[in-house]
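Down below is the structure, laid out as C-alpha cells.
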Amino acid sequence: GQVFKLEDYRPSDYLIPLTELSFRLSPDATEVKAVLTIERRDGVATTAPLVLDGDGLLLKKLEIDGTPLAQSTYTVTPDRLEIAHPPEAKRFKLTIETEVAPVHNEALMGLYLSNGVYCTQCEAEGFRRITYFLDRPDILSVYTVRVEAPKAEAPQLLSNGNPLERGEMADGWHYAVWHDPFPKPSYLFALVAGSLGIVNDRFVTRSGREVELGIYVEHGKEKLADYAMDALKRSMKWDEDVFGCEYDLDVFNIVAVSDFNMGAMENKGLNVFNDKYVLADAETATDADFANIEAIIAHEYFHNWTGNRITCRDWFQLCLKEGLTVFRDHEFSADQRSRPVKRIAEVRTLRAHQFPEDQGPLAHPVRPRRYREINNFYTATVYEKGSEVVRMIRTVLGPEAFRAGMDLYLKRHDGEAATIEDFLKAFEDASGRDLSQFALWYHQAGTPNLTVSSAYNAAAREFTIEIEQSVPPTPSESRKRLMHIPLAFGLVGADGRDMVYESVEGATVDDGVIHVRKRRHSIRFSGIAERPALSLNRGFSAPITLSVEQKTEDRIFLSGHDSDPVARWQAFNTLLTEALIAASRQIRGGKRPVFSDRLSALAGQIACDDALEQAYRALALALPGEADIAREIGNDIDPDAIFAAREALAKRIAEENGPSLRDLYERLRDNGEFSPDAAGAGRRALRNALLDYLALLTDGASLAADHFRLAANMTDRAAALTVLAHRHSGTPQATGALASFESRYANDPLVMDKWFLVQASVPGAQTVETVRRLTSHRGFSMSNPNRVRALVGTFANANQTGFHRADGEGYRFFGEMVLEAERRNPQLAARLATAMRSWRSLEAGRRDKARATLLAISGTEGLSTDLRDIVERMLA
Ligand code: HT7
Ligand code: ZN
C-alpha cells in the first residue's frame with residue numbers, strides 16, 4: 001500500500017471556496033449533487049490538472065459552468081476524478097452528481113443508516129465516499145446544504161451551521177437548507193435525517209448571543225439526554241471562563257446514533273455521538289458512564305475552537321486538535337470534579353493504553369511522519385500523550401504565559417489550517433522562551449525513563465539527586481535525542497511538609513520543577529537539616545517511567561504523608577506493584593507468595609482514613625491491573641502467575657482488615673437520592689471497592705448477592721454483578737444475578753453491553769467458550785461496533801488469563817472475530833487487532849501461538865489497508 005509522508009506535503013493547486021450540496025435521500029440510491037466553486041491558487045499554471053478524491057463512488061453527471069463535460073476530457077474511477085484541462089479562468093463552477101447507497105454502508109464512513117437514521121461520518125477521509133472532492137483538511141470551504149427526504153420517514157433534516165429555509169415538496173417530501181458561514185474542511189461536514197426525539201434548551205454567550213441547543217435521540221429516550229444537556233451548558237460556560245472561547249453559531253445540535261465507529265464527532269454545529277456517550281440515568285448508567293458523557297460532550301464542544309475554527313493542515317498534525325482538546329477536556333473535568341482524583345485516573349489510563357503502545361511495535365511520535373492508513377493513527381499516543389505534552393508546555397511556561405500563548409495561537413490562526421510548528425511558535429512568541437528541545441516530545445516516539453538515586457550528607461547538610469535520562473529505541477528510530485523533561489518534585493520532611501532548601505546547583509530548578517535536559521544531572525540542594533523522602537514526578541508532570549532507588553520506608557512514609565496526592569497514590573501503588581511482581585515470581589517458581597504485614601495494614605489504613613477523599617481511597621485500593629503488572633515485568637510474561645499473585649494479595653488484604661473494611665462498607669450504605677456528582681460517585685466507588693475485597697471472605701457470595709439485590713442504581717448493580725461473575729463464577733448467586741440482569745435489560749442494548757462485558761472479562765480458561773457462545777446471543781451483532789467492543793474487545797483487552805490461554809485458543813478465536821469484523825468494518829477490525837500489540841513480551845509458548853494468529857490474519861487474501869497496516873506493523 002501507499003505510504004504517506006509528512007515531507008511530501010504540498011499545498012493543493014486548486015481551492016474550493018464555496019460548496020453547495022443537495023441530497024435527495026433514499027436508502028439504496030441517494031442522489032448527491034455538488035456544485036463546487038473551484039479557484040486556481042495564485043501562481044499555479046493554467047495547465048495544472050484538477051484531481052479530486054473519491055472512494056467507491058458512482059458518477060452520474062459532470063458539468064463545468066453549466067456545460068456537460070465530454071467524456072474524453074476527464075477520467076473517472078470510483079476513487080478518483082481527474083479533469084486534465086480545467087478552464088483557464090481563475091474561478092469556475094464544477095457540478096458533480098453521484099449516487100450512494102447508505103443502507104449498504106457497513107463501514108460507517110461517509111453517508112450511512114443507523115437504526116433508520118441517515119447520518120454521516122467524514123473524519124478522516126469519509127467525505128470522498130459522498131462526492132468527489134479535494135478531501136484534505138487544508139481545503140476550507142463555505143457550505144450550503146439542501147436535504148430532501150420523505151417527511152414521514154425523516155421529519156428532522158439537519159446539517160452544519162444555521163438553518164436557512166425549510167418547506168414542503170410534492171409526494172410527501174420536504175426539504176431543509178442549512179448554511180455554515182465558517183469555512184471548514186470536508187471532514188467536518190455532517191448531515192443527519194430521520195425521525196428522532198428532541199430535547200431543547202438555550203445558552204446565552206458572554207457577549208449576549210442566544211444559542212438554541214438541541215439533542216436528538218431515539219424516540220422515548222429524551223429523559224436520558226438531560227445529563228448530556230447539562231454537561232453541554234457547563235462546557236460552553238467553562239470554555240468562555242477558562243479559555244475565552246465563545247460559541248459562534250445560532251444553533252448547536254447533537255445527535256445520538258447507535259452505530260458509530262468511535263466516541264463522537266465534532267462536525268461544525270452538528271456533533272454526532274455514539275449514543276453510549278449521551279444517554280444516561282441512574283437505572284442504566286454507571287458513574288463512569290456519567291463521567292465519560294461529561295468529558296466527551298465537553299471534548300467535542302471544545303473542538304469548536306481547537307479543531308474547527310483552527311484546523312489541521314494535514315493529518316500528520318492530528319495531535320494539534322486532538323492532544324490539545326483532550327488537555328482541555330481533562331482540565332474541564334478536573335474543575336467539575338476532584339482534580340487529584342481526575343489526575344490519578346488520567347495517569348492510570350495513560351499507563352494502561354499509551355505506555356504499551358509506546359513500548360511496542362505500534363510506537364509512533366505524537367506527530368507521526370508516516371502513515372499507510374490515517375484511521376490507524378487515532379491513537380492513545382496522539383490523544384493522551386498529545387494532551388500530556390500540552391500540559392508540560394503549561395508546566396514549563398507557567399499558567400500565565402501558557403494562557404498568553406493559547407490566546408495568541410487562537411487569534412493568529414483563526415480560520416486557518418495550522419501545524420504543530422505554528423502552535424509551538426505561538427507559545428515561544430508569547431513567552432520569549434525557546435521550545436526547540438521541548439519540541440522533541442512531538443517528534444520522538446518512546447517513553448523516556450529517568451533513573452534516579454539520592455544521597456544525604458548530614459555533615460554538609462546537603463541532599464544530592466543523581467538523574468540519568470534514556471529513551472528506549474522504537475520502530476525506525478534507534479537513536480534518540482535528549483529530551484527536556486519537567487520533573488516536579490518535593491523533599492518531604494519528617495513532619496510531612498516540603499523542606500525549604502537554601503540553594504541548588506546542577507540543573508534549572510524552578511517552582512518545584514527540575515528541568516532535566518541533559519543525559520545526566522547531579523543536583524545538589526544545600527541547607528537541608530535532615531534526610532528527606534524524595535517525592536518525584538508530582539502531579540505526573542511528565543509522561544515517563546522512573547527507576548528510583550528508594551527505601552521501602554520512604555515509600556511507606558510517602559504513601560501516608562506526601563502533600564501531592566498523585567505522588568502519594570503513586571508511592572502506595574509502587575509498593576503494591578513491587579509486591580505483586582515478587583509474588584508472581586515466587587508463584588512461577590512453585591512457591592507460595594509472601595507479602596509483608598505492613599502492606600496489608602497500610603491498605604487498611606488508607607481505606608479507613610476519613611481525612612482522605614472517598615474516591616481517592618477507592619483508587620488507592622484498586623490493585624494494579626494484571627496488564628499493568630505485566631508491563632512493569634516487561635518480558636517473559638506468564639499471565640496465570642500474575643493473576644494468582646494478584647488474587648493472593650487481595651485475599652491477604654481482605655483477611656487482615658476484614659472487620660474494619662466491613663464496618664466501613666456498612667457505614668457507606670446509600671440512603672438518599674441518587675446524584676451522579678463527584679461526592680456520590682466517590683462514596684459508591686469506595687463501597688464497591690470494599691465489596692470486591694469482602695467478597696473474598698466467607699459468605700462473600702451472599703454479601704455480593706445482597707448488594708446486587710438491593711442496588712438502587714446501575715453503578716452498584718454492575719459492581720455487584722462483576723464481583724459475583726468474577727469471584728464466584730458458577731455459583732447460584734452468580735448465575736442468578738446474570739439471569740436477572742439479562743431479563744431486566746434485554747431490550748436495552750447499551751445496558752446489555754455491560755452484561756456482555758462482565759462475562760467476557762471473567763478470568764480463566766473457560767471464558768473463550770462463553771464468549772464464543774455469546775456471539776450467538778440475540779442481543780449481539782457483529783455489525784454494531786459497541787456490541788463487538790463490549791464482547792470481543794473486552795475479552796482481548798481486559799481478560800489476561802482468558803485471552804492468553806496457554807493453548808492459544810483465545811488468540812485463535814480472536815483472530816476469527818477480527819476477520820469477521822473486517823468483512824463489514826475494516827476500521828473496527830484494525831482497532832480490535834491492536835489488542836495483540838504486546839505479544840512479544842509473552843513467555844515463549846504463548847508468544848509462538850500469538851504470532852501464528854497474526855500470521856494467519858496477515859496471510860488472508862484481500863485484507864483491508866486498515867487491518868493489513870496494523871498486523872504488518874505488529875509483526876515487523
Ligand atoms: N475527531 C473525532 C475522530 C473520529 C473519527 C475518526 C475516524 C473514524 C471515525 C471517527 N469518528 C470520530 C472524534 C474526536 O476525537 O473528537
Ligand atoms: Zn477529538
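The values are calculated or read from the model by the stated rules, or taken from the named source; none is laboratory data. Predicted model only: the values in this text are computed from it and were never measured. As a convention, Cβ positions derive from the backbone with ideal geometry for all residues, glycine included, and neighbour counts pool all protein chains shown.
Looking only at the range 307-350, which residues are surrounded by fewer than 22 Cβ atoms within 10 Å (Cβ to Cβ) and basic (K, R)?
Correct list: R309, R313, R337, R339, K342, R343, R348.
For residues that are surrounded by fewer than 18 Cβ atoms within 10 Å (Cβ to Cβ) and of a type outside the set (S, T, Y), tally how many sit in the range 684-700. Give the steps one after another, and end with the answer.
Step one: filter the range 684-700 for residues surrounded by fewer than 18 Cβ atoms within 10 Å (Cβ to Cβ), giving 697-699.
Add one more test, that the residue is of a type outside the set (S, T, Y), and what stays is 697, 699.
Result for the range 684-700: 2.
The conditions are (1) under 28 Å from N376 (Cα atoms); (2) without any contact (Cβ under 8 Å) to a residue 60 or more places away in the chain; (3) not small (G, A, S), and N115 fails exactly one of them. Which is it?
(2)
What number of residues within the range 459-473 satisfy the criterion of being out of contact with any His (no Cβ under 8 Å at 6 or more places or on another chain) and in contact (Cβ under 8 Å) with a residue 60 or more places away in the chain?
6
Which of the residues that make up the range 299-347 are among the small types (G, A, S) and either within 11 Å of ligand 2 (Cβ to nearest atom) or touching a residue at least 12 places away in the same chain (Cβ under 8 Å) (or both)?
Of everything in the range 299-347, those that are among the small types (G, A, S) and either within 11 Å of ligand 2 (Cβ to nearest atom) or touching a residue at least 12 places away in the same chain (Cβ under 8 Å) (or both) turn out to be G307, G323, S333, S338, A345.
Looking at Q550, is it part of a loop (DSSP other than H, G, I, E, B), modelled with pLDDT of 95 or more and not charged (D, E, K, R)?
yes
For A295, state whether it is part of a helix (DSSP H, G or I), surrounded by fewer than 23 Cβ atoms within 10 Å (Cβ to Cβ) and within 12 Å of ligand 2 (Cβ to nearest atom). So that I can check it myself, show each step before the final result.
Working: part of a helix (DSSP H, G or I): yes; surrounded by fewer than 23 Cβ atoms within 10 Å (Cβ to Cβ): yes; within 12 Å of ligand 2 (Cβ to nearest atom): yes.
Criteria met by A295.
Under 6 Å by Cβ, and 6 or more places apart or on different chains, what pairs join a residue from the range 775-798 that is over 14 Å from A833 (Cα atoms) and modelled with pLDDT of 95 or more with one that is surrounded by fewer than 20 Cβ atoms within 10 Å (Cβ to Cβ) and not hydrophobic (A, V, I, L, M, F, W, C)?
If the second residue must be surrounded by fewer than 20 Cβ atoms within 10 Å (Cβ to Cβ) and not hydrophobic (A, V, I, L, M, F, W, C), the pairs left are M782/E820; S783/E106; S783/R824; R787/S781.
Picking from E63, E97, which residue would you name as being over 30 Å from A830 (Cβ atoms), out of contact with any Gly (no Cβ under 7 Å at 6 or more places or on another chain) and surrounded by 15 or more Cβ atoms within 10 Å (Cβ to Cβ)?
After applying the criteria, what remains is E97.
Would you please name the residue that is nearest to ligand 2 (Cβ to nearest atom), looking only at residues in the range 364-401 that are part of a loop (DSSP other than H, G, I, E, B) and basic (K, R)? Even if it seems obvious, please write down each step before you answer.
Taking the range 364-401 first, the residues part of a loop (DSSP other than H, G, I, E, B) are 364-369, 372-373, 378-379, 398.
Keeping just the survivors that are basic (K, R) gives 367, 369, 372.
Details: R367: 15, R369: 21, R372: 22 Å.
Here the residue is R367.
Consider the range 456-472. How many of its residues are farther than 16 Å from S522 by Cα and in contact with a Lys or Arg (Cβ under 7 Å, 6 or more places away or on another chain)?
Residues that pass the stated criteria total 1.
Filter the range 258-273 down to residues that are within 12 Å of ligand 1 (Cβ to nearest atom) and part of a strand (DSSP E or B) and give me whichever is farthest from A829 (Cα to Cα).
That would be N271.
Can you name the condition, by its number, that H179 falls short on among (1) more than 26 Å from R129 (Cβ to Cβ); (2) outside any loop (DSSP other than H, G, I, E, B)?
For H179, the failing item is (1).
Looking at this structure, is A734 more than 30 Å from the chain's Cα centre (by Cα) and farther than 22 Å from T794 by Cα?
No, not satisfied.
Those residues that are small (G, A, S) and within 29 Å of the chain's Cα centre (by Cα), I need them from the range 822-855; list them, please.
Once the filter is applied, which keeps residues that are small (G, A, S) and within 29 Å of the chain's Cα centre (by Cα), the range 822-855 yields A829, A830, A833, A835, S838, S841, A850.
Are any residues in the range 239-252 within 16 Å of ligand 1 (Cβ to nearest atom) and either touching a Gly at 6+ places or on another chain (Cβ under 7 Å) or among the aromatic types (F, W, Y) (or both), and if so, which ones?
Result: F252, single match.
Go through the range 178-223 residue by residue and tally those that are within 25 Å of V278 (Cα to Cα), surrounded by 14 or more Cβ atoms within 10 Å (Cβ to Cβ) and charged (D, E, K, R).
Of the residues in that region, 6 qualify.
Return yes when F290 is in the same structural domain as K411 (by TED's automatic domain parsing) and more than 11 Å from ligand 2 (Cβ to nearest atom) and no when it is not.
No; evaluated as a whole, the condition is false for this residue.
Quick one: P361 ticks every box in (1) over 15 Å from the mean Cα position of the chain (by Cα); (2) within 16 Å of ligand 2 (Cβ to nearest atom) bar one, so which box is it?
The single condition P361 does not satisfy is (2).
Among (1) under 22 Å from T144 (Cα atoms); (2) among the basic types (K, R); (3) in contact with a Leu (Cβ under 9 Å, 6 or more places away or on another chain), which single condition is R91 missing?
Single failed check for R91: (3).
Tally time: how many residues in the range 627-663 are outside any helix (DSSP H, G or I) and in contact with a Gly (Cβ under 7 Å, 6 or more places away or on another chain)? Lay out the reasoning, then the answer.
Let us first name the residues in the range 627-663 that are outside any helix (DSSP H, G or I), namely 634-638.
After this cut, where a residue has to be in contact with a Gly (Cβ under 7 Å, 6 or more places away or on another chain) as well, the list is none.
So the answer is 0.
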